[in-house]
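Encoded as structure tokens, the structure appears first; notes follow it.
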Amino acid sequence: MFLFDPRYMMLVALPSMLLALWAQFRVKSAMARYSRVASRRGLTGAEAAAEILDTSGVNNVSIEVTNGWLSDHYDPSKHVLRLSPQVYSGRSLASIGIAAHEAGHALQQAANYAPLVVRSSIVPLAAVSNLALPILILGLVLGKLMLVNIGILLFLVIVVLQFVNLPVEYNASRRAREALLRCGIIAAGEEGGVKAVLNAAALTYVAAALGALLQFFYFLGLARRSD
Ligand SMILES: [Zn+2]
């Protein structure tokens, strides 16, 4: 089984884990640093997001508080921006940056930003793609090439989804920084802190995408050998 394959450990599991750990470390250190730096204007994350949406003419989005550290997200189907308590009521550059990033997703939706449209159309497939690994393993064990190919195809959906995430996430951060400056929520000198937090958060998506790609190539190799 591939979990006992030393090549899987060396070429897939270990590099993926190191990438993920490195990204997590970057997020934690950026958060630790900029959670303590208050913005000069002193808005909370929720106030900043509301002002960005307001001044951008997006009036159909509500802002709610949700539990969990870094659980912040935008729900495009319900038009709800959910912010963690620290971000919702926090006045630090980290809180404002994350709230603005989530507002950035709402701006993307309002602008019909193409990668977000693509992501939304693939997301329903993500549930099915959870079957990728079981189907693949079953196919390899039974020696059924058809099943192996279906597994590989489903795995490809996961990889595509992870890579479509990247432009969506980086673009939301860019929109966030532009809006924060345009609204005067942060001054030019405060942009560095916001950028550091958002870039670190984006790294977790890069790590996930590269990890999925490594896994995909490994399984592709397995499938070819079992052919
Ligand atoms: Zn995001």
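Identify all residues within segment 94-141 that are among the β-branched types (Val, Ile, Thr) and closer than 20 Å to residue 163 by Cβ; write none if there are none.
From segment 94-141, those among the β-branched types (Val, Ile, Thr) are 96, 98, 117-118, 122-123, 128, 135, 137, 141; that's our starting set.
Hits for segment 94-141 are 117, 118, 122, 123, 128.
Does segment 157-171 contain any residue that is open to solvent by less than 50 Å² (accessible area, probe 1.4 Å), more than 20 Å from the chain's Cα centre (by Cα) and either at pLDDT 90 or above or within 30 Å of residue 91 (Cα to Cα) (or both)? If you could, list the steps in order and put the result at the bottom.
So in segment 157-171, the residues open to solvent by less than 50 Å² (accessible area, probe 1.4 Å) come out as 157-159, 161-162, 164-166, 168-169, 171.
Going one step further and asking which of them are more than 20 Å from the chain's Cα centre (by Cα), we end up with none.
No: segment 157-171 contains no residue that is open to solvent by less than 50 Å² (accessible area, probe 1.4 Å), more than 20 Å from the chain's Cα centre (by Cα) and either at pLDDT 90 or above or within 30 Å of residue 91 (Cα to Cα) (or both).
Condition first: within 16 Å of the ligand (Cβ to nearest atom) and open to solvent by 10 Å² or more (accessible area, probe 1.4 Å). Now tell me which residues in segment 208-224 satisfy that.
208
Working carefully through the options 81, 93, 107, find the one that is modelled with pLDDT of 95 or more, within 16 Å of the ligand (Cβ to nearest atom) and out of contact with any strand residue (DSSP E or B) (no Cβ under 7 Å at 6 or more places or on another chain).
That would be 107, the only listed residue that is modelled with pLDDT of 95 or more, within 16 Å of the ligand (Cβ to nearest atom) and out of contact with any strand residue (DSSP E or B) (no Cβ under 7 Å at 6 or more places or on another chain).
Could you list all residues from segment 46-75 that are within 14 Å of the ligand (Cβ to nearest atom) and surrounded by fewer than 18 Cβ atoms within 10 Å (Cβ to Cβ)?
Hits for segment 46-75 are 70, 71, 73, 75.
Are any of the residues in segment 25-42 under 19 Å from the mean Cα position of the chain (by Cα) and free of Cβ contacts under 8 Å to residues at least 24 places away in the same chain?
Looking for residues that are under 19 Å from the mean Cα position of the chain (by Cα) and free of Cβ contacts under 8 Å to residues at least 24 places away in the same chain, one finds at least one in segment 25-42, hence yes.
Among the candidates 153, 147, 138, which residue alone is at pLDDT 90 or above, surrounded by fewer than 18 Cβ atoms within 10 Å (Cβ to Cβ), within 18 Å of residue 215 (Cα to Cα) and over 26 Å from the mean Cα position of the chain (by Cα)?
Residue meeting the stated conditions: 138.
Determine which single condition residue 89 fails, assuming it passes every other condition in (1) open to solvent by 50 Å² or more (accessible area, probe 1.4 Å); (2) within 30 Å of residue 221 (Cα to Cα); (3) among the polar types (S, T, N, Q).
(2)
Output the number of residues of segment 110-119 satisfying the condition of being assigned to a helix (DSSP H, G or I) and either within 13 Å of the ligand (Cβ to nearest atom) or among the β-branched types (Val, Ile, Thr) (or both).
5
The values are calculated or read from the model by the stated rules, or taken from the named source; none is laboratory data. Being a predicted model, the structure only gives us computed values, none of them experimental. Glycine gets a Cβ as well: all are built from the backbone with ideal geometry, and neighbour counts include every protein chain shown. The area values use the complete protein model at the heavy-atom level, side chains included, leaving out ligands, DNA and RNA. Shrake-Rupley method; radii C 1.70, N 1.55, O 1.52, S 1.80 Å.
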